[in-house]
Amino acid sequence: MKSVLISGAGIAGPGLAFWLKEAGFEPTIVERAPALQSGGYVIDFWGLGYDLTERMGLIAEINRIGYHIREVRIVNDAGHRVAGFGTTVFSELTSGRFVTLPRSALSRLLFGKVKDSVETIFGDEIVELEQQTACVSVALKHAGERRFDLVIGADGLHSSVRKLTFGRHSQFEKHLGYAVAVFEASGYRPRDEDVYLMYGEPGRMLGRFTLHDDRTLFLFVFAAITDLPATLEAQKKLLRDLYGRGGWECTKILYELDRADELYFDSVSQIKMQNWSRGRVALVGDAAFCVSLLAGQGSALAIIAAYVLAGELGASQGHYEQAFANYEARLRSYIGDKQRGAERFAGAFAPRTRAGLYFRNMVVKAFAIPGLARLAVGRDIADRIELPDYQARALDRLASA
Ligand SMILES: Cc1cc2nc3c(=O)[nH]c(=O)nc-3n(C[C@H](O)[C@H](O)[C@H](O)COP(=O)(O)OP(=O)(O)OC[C@H]3O[C@@H](n4cnc5c(N)ncnc54)[C@H](O)[C@@H]3O)c2cc1C
């Protein structure tokens, strides 16, 4: 029980490969993209996921690359501040261990920990998967047939391993009623270092975040049905239709969008499953339990789940079914809390009515009252779970053998 095929080199995939290697396994990663991606969107990062990357020796680099946002500012049509809050509450609640960085940068750092020791096949994917008594036989689109003891799907919200093992996506995907689009531009003005700006109209939110190297990131979150356009041109057209008459910097930002070659565009969804494993196949990260961007913690959860899954496999001495059961038992209620928190927050991100927007802004204004922000976000920001120290346990087992 040594060889493990991991589908996906995002966040969960390289994290899992690292901890599996530590536990004595032989992981292989297959990643559909031809290379690691760059750019994309930024993520807030804190809590136990942050602690685990510190154990992996990555935290100095994460903080060097990352941003330390000091203010979230909501602006009106004219660009004037109507509400907002300083982010000291997050620093206080996390003892300063809170950073914002590109998801692709975190992925690259995690991958850097395994790139020299783990076989990685880029530009390929699993197209067939058959569980046998002693192994899983997979067909890779380009590299042909291979056999592994276990297969783990770390291939994100639209996981192929989930589809091949558990069936169609629609059984598990819960659409939260919004879609998200993100792109980057160079040379945009104005710049507001370390401030997250948000502009809202009913059912539509547009965010702007100043990046290093004269880059700027734009985030659209809007009320949407599930049938989203698939081509870049159709996606841009939808955004133009939705934001074209908006105030603030909407016109300028749509001008930048017209020139963009890359646009991240997807529904805001969660994944809810009865089980995260079947036989020799298990899921981790967004593939198993996507909490959505509204939780602001999906990457950290992917890292935590990768650590627990590898730890339980390492401790199981070949009893993979027991390891998968323990992995789920440890994390299910914790992840469920995070999913419920994101669902509660959905309406506040892009309220659907003017009254809703006004009410949201009033609540945000009230964050200035000492203690209130802490009360409002404290519950969702906390990680109410203790993780086992699997390495210490393994040493104990060796000592008593
Ligand atoms: C706009 C936005 C903002 C977000 N903000 C935050 C935030 O503030 N904080 C936070 O912690 N999280 C945030 N998230 C969520 C976070 O990005 C995800 O939860 C996290 O990336 C999940 O990691 P993962 O490894 O499970 O999946 P992913 O990061 O999606 O990685 C999946 C990988 O699998 C690959 N892949 C896909 N299909 C296949 C296939 N068939 N075969 C092989 N490889 C495949 C993909 O190319 C990718 O490399 C945000 C998400 C979005 C969309």
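Here are the numbers for the structure shown:
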item	result
Cβ-based net charge around Leu48, under 15 Å, with every Lys or Arg adding one and every Asp or Glu removing one	-3
Cβ-Cβ FRET estimate between Thr251 and Arg340, R0 fixed at 30 Å, reported to 0.05	0.20
Length-normalised contact order of the stretch 264-397 in % [C-alpha pairs under 8 Å, at least 6 apart]	21
Exposure proxy ranking, count of Cβ atoms within 10 Å, fewest first, for Phe218, Phe18	Phe218, Phe18
Projected label distance in nm at Ala401 and Ala376, using a 7 Å step from Cα toward the beta-carbon	5.4
Residue pairs, from the table Lys21/Lys141; Lys141/Lys163; Lys174/Lys272; Lys163/Lys272; Lys113/Lys338; Lys115/Lys163, whose Cα atoms sit over 18 Å apart	Lys21/Lys141; Lys113/Lys338; Lys115/Lys163
Förster radius 60 Å - calculated FRET efficiency between Asn76 and Asp389 (Cβ-Cβ, nearest 0.05)	0.75
Viscosity 1.306 mPa s, 10 °C: Kirkwood-radius Stokes-Einstein D of the chain over Cα pairs, µm²/s	72
C-alpha center-to-center spacing [the stretch 258-320, the stretch 47-116] in angstrom	20
Residues listed by number, the stretch 165-199, amide nitrogen under 18 Å from Asp227 label point at 7 Å toward C-beta	170, 175-179
Percentage relative contact order, the chain, counting C-alpha pairs under 8 Å, at least six apart	21
Span-rule helices in the chain, defined as complete DSSP H runs reaching 24 Å or more along the axis (Cα) with Kyte mean at least 1.0	298-315
For the stretch 162-201, convex hull of alpha carbons as volume per residue, Å³	155
Which of Ile65, Ile369 has the fewest Cβ neighbours within 10 Å, and the rest in rising order	Ile369, Ile65
Order of Thr88, Thr133, Thr165, Thr210 under a 10 Å beta carbon neighbour criterion, fewest first	Thr133, Thr88, Thr210, Thr165
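All of the numbers you see were taken from the coordinates with simple rules; none came from a lab. Just so you know, these numbers come straight off a predicted model, no measurement behind them. Neighbour counts run over all protein chains shown; Cβ positions are idealised from the backbone, glycine included.
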